[in-house]
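Below: one structure, written as structure tokens.
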Amino acid sequence: MANLNKVMLIGNLTRDPELRYTPKGTAVADLGLAVNRRVSDGNGNWSDETTFVDVTVWGNTAENSQKYLSKGRGVFIEGRLQLDTWEDKQSGQKRSKLKVVGENVQFLPDGRAGGGGGGGGGRSQSSDNDSSQQEDKPQGGSAADVGDYDGDDGDDIPF
């Protein structure tokens, strides 16, 4: 049986990258990432569900992350899951933590008019909630006019 351990995340940094070096001189940086998901309560109300993820990056990626990224900045991270286990020094209990080891980090535009580095986060395009930018256009993957659909074909759609 084949195995696959691949993670792709887009989110915003919750803190500035924390860079350190191993005794052999390899750079390693810890990143905190917040990933939002829009969820409906079934009554037409929407809210954001946030998942916080710890990410570790190595080598040049770690150094560049510390140099160019800061809290609030948007990033796209590709990597793999890793389970760290250790024994708690105070209680003696076994502990574990699931984290992401980032293998590729892409810096996303920070959404500020001045361009270039720094925090701010956000997206380079207008927000979905920005009603001044919305028009009465069909949403979805087809360029067909809404009038092209004939809904009286007898098939019941189960959803």
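The values are calculated or read from the model by the stated rules, or taken from the named source; none is laboratory data. All values derive from a computational prediction rather than experimental measurement. Cβ: placed from backbone, ideal geometry, glycine included. Neighbour counts: every protein chain shown.
Residue count for the stretch 14-49 satisfying the condition of being touching a Ser or Thr at 6+ places or on another chain (Cβ under 9 Å) and of a type in the set (S, T, N, Q): 3.
Can you work out which of the residues in the stretch 64-103 that are acidic (Asp, Glu) and within 15 Å of the chain's Cα centre (by Cα) is nearest to VAL7 (Cα to Cα)? Steps first, please.
Just the residues of the stretch 64-103 that are acidic (Asp, Glu), to begin with: 78, 84, 87-88, 103.
When the remaining residues are screened for being within 15 Å of the chain's Cα centre (by Cα), the result is 78, 103.
Working: GLU78: 6, GLU103: 10 Å.
Among those residues, the one meeting the criterion is GLU78.
In a helix (DSSP H, G or I) and within 14 Å of ASP16 (Cβ to Cβ): does that describe LYS71? Spell out the reasoning first.
Numbers: in a helix (DSSP H, G or I): no; within 14 Å of ASP16 (Cβ to Cβ): yes.
So LYS71 fails the test.
In the stretch 1-68, counting only strands (runs of 3 or more DSSP E) that sit wholly within it, the ones holding 1 or more residues that are among the aromatic types (Phe, Trp, Tyr) and surrounded by 10 or more Cβ atoms within 10 Å (Cβ to Cβ) span 18-21, 46-58.
Does GLY119 satisfy being over 19 Å from the mean Cα position of the chain (by Cα), within 30 Å of MET8 (Cα to Cα), surrounded by 10 or more Cβ atoms within 10 Å (Cβ to Cβ) and at pLDDT below 50? Judged against the criteria, GLY119 is not a match.
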